[in-house]
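The values are calculated or read from the model by the stated rules, or taken from the named source; none is laboratory data. The structure presented is a predicted model; accordingly, all values stated were derived computationally and were not measured. No Cβ is skipped: glycine too gets one built from the backbone with ideal geometry, and neighbour counts run over all protein chains shown.
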Amino acid sequence: MALGRGLQILFTLDDGLVIETVIIPNGNRGRNTVCVSSQVGCAMNCQFCFTGRMGLRRNLTTAEIVEQAVFARRLFTSEVGSIRNVVFMGMGEPLQNIENVIRAADIMVDEQGLHFSPNKVTISTSGLVPQIKQFLRESKCALAVSLNATTDEVRNWIMPINRKYNLKLLLDTLREELRLKHKYKVLFEYVLLAGVNDSIDDAKRIIDLVKGIPCKINLLTFNPHSGSHFQPSTNEKMIEFRNTLAEGGCVVFMRPSRGDDQMAACGQLGNPGELQAPLLKVPPRFQTLLEPLV
Ligand code: SF4
């Protein structure tokens, strides 16, 4: 089986709803990643996200989440490598379905279950603060937080959850909670959007924002989709951004977009269909840049 850039799997659930799972290859090393969904759709309405346009249909059960990883594992034989990582970055905000997600992650790492290493199972959140605390206290698995902005002005717009749990609260909570964890690093994900969050001032602000938080930062390429305001940053801009973070002492990764032909990476799965969440008002200083693109 040639895996190419990514393999998209559609599951039809008992009630007829459809979810997507993506297997993301890792070069020639055969250590592949399965990206699982935790909800049908998503209520968070992040403005750069395709899934967010669907709104939320329902939470997945524990079994529906685990089955995605079981199926991916069965599909992969040693000829094409194995599944070594699970990321909860498919459809949905995992921590809005926290009980089922923690149970599913427990089964994935249990030696009687799928026996993944806990640091190879990553739950990704848009920043639900009370649930982040619960997750860090109850689960051994890894946590990724979608940061994507360095000011409340921009984050309130592109990730409306920030209006409830702002940047300071989110980052102070992580700073505080990670003091209780031994050798644990949170992964910050940052999707670079041209002209919106990719300036050198943004990079410098990140250096200050994450001070005192054991972390790694992953810079992601935006995958444009229909109805989106945004455009990806150029490669040159991304490299400059990465270099600024690295010079500021951050551990930073940047890799070519993977699975982008399936619109994977950072919850960009799904079919918005007729139910569309609203696009939010563009802050005045970005209107000239973005409104011709709407
Ligand atoms: S980025 Fe994640 S949390 Fe935000 S709308 Fe998309 S799926 Fe939901």
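Looking at Leu167, Leu136, Leu147, can you tell me which residue is buried (at least 22 other Cβ atoms within 10 Å of the Cβ) and under 19 Å from the mean Cα position of the chain (by Cα)?
Working: Leu167 fails: buried (at least 22 other Cβ atoms within 10 Å of the Cβ); Leu136 fails: buried (at least 22 other Cβ atoms within 10 Å of the Cβ).
Going through Leu167, Leu136, Leu147 in turn, the sole match is Leu147.
For the range 44-67: of the residues being within 9 Å of the ligand (Cβ to nearest atom) and part of a helix (DSSP H, G or I), which is farthest from Arg103 (Cα to Cα)? Give the derivation first.
From the range 44-67, those within 9 Å of the ligand (Cβ to nearest atom) are 44-54, 56; that's our starting set.
From the residues that got through so far, the ones that are part of a helix (DSSP H, G or I) too are 51-54.
On the way: Thr51: 23, Gly52: 24, Arg53: 27, Met54: 25 Å.
Only one residue tops the list, namely Arg53.
Regarding the range 191-201, can at least one residue be identified that is surrounded by 15 or more Cβ atoms within 10 Å (Cβ to Cβ), under 20 Å from the mean Cα position of the chain (by Cα) and farther than 19 Å from Ser126 by Cα?
Just the residues of the range 191-201 that are surrounded by 15 or more Cβ atoms within 10 Å (Cβ to Cβ), to begin with: 191-194, 196-199.
Okay, now just the ones that are also under 20 Å from the mean Cα position of the chain (by Cα), so 191-194, 196-198.
Filter again for farther than 19 Å from Ser126 by Cα, leaving 194.
So far as the range 191-201 goes, yes, one or more of its residues are surrounded by 15 or more Cβ atoms within 10 Å (Cβ to Cβ), under 20 Å from the mean Cα position of the chain (by Cα) and farther than 19 Å from Ser126 by Cα.
Checking Arg74 against (1) within 16 Å of the ligand (Cβ to nearest atom); (2) without any contact (Cβ under 8 Å) to a residue 40 or more places away in the chain, which test does it fail?
(1)
Which one of Gly90, Gly41 is assigned to a strand (DSSP E or B), within 11 Å of the ligand (Cβ to nearest atom) and in contact (Cβ under 8 Å) with a residue 40 or more places away in the chain? Walk me through it before giving the result.
Working: Gly90 fails: assigned to a strand (DSSP E or B).
Every option except Gly41 fails the conditions.
Within the range 143-156, track down each residue that is out of contact with any strand residue (DSSP E or B) (no Cβ under 7 Å at 6 or more places or on another chain) and within 13 Å of the ligand (Cβ to nearest atom).
Hits for the range 143-156 are Ala149, Arg155.
Among the residues of the range 12-38, which ones are within 14 Å of the ligand (Cβ to nearest atom) and not hydroxyl-bearing (Ser, Thr, Tyr)?
Ile19, Glu20, Val22, Cys35, Val36, listed by residue number.
Of all residues in the range 173-190, how many are in a helix (DSSP H, G or I) and either surrounded by fewer than 14 Cβ atoms within 10 Å (Cβ to Cβ) or basic (Lys, Arg) (or both)?
The total comes to 2.
Every residue, every condition in (1) under 29 Å from Glu176 (Cβ atoms); (2) assigned to a helix (DSSP H, G or I); (3) modelled with pLDDT of 95 or more, yes or no:
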residue	(1), (2), (3)
Ala69	no, yes, yes
Arg73	no, yes, no
Ala105	yes, yes, yes
Gln112	no, no, yes
Thr122	yes, no, yes
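Check Ile132 against each of (1) of a type outside the set (Gly, Ala, Ser); (2) part of a helix (DSSP H, G or I); (3) closer than 22 Å to Thr61 by Cβ and name the one condition it does not meet.
Here Ile132 meets the rest and fails (3).
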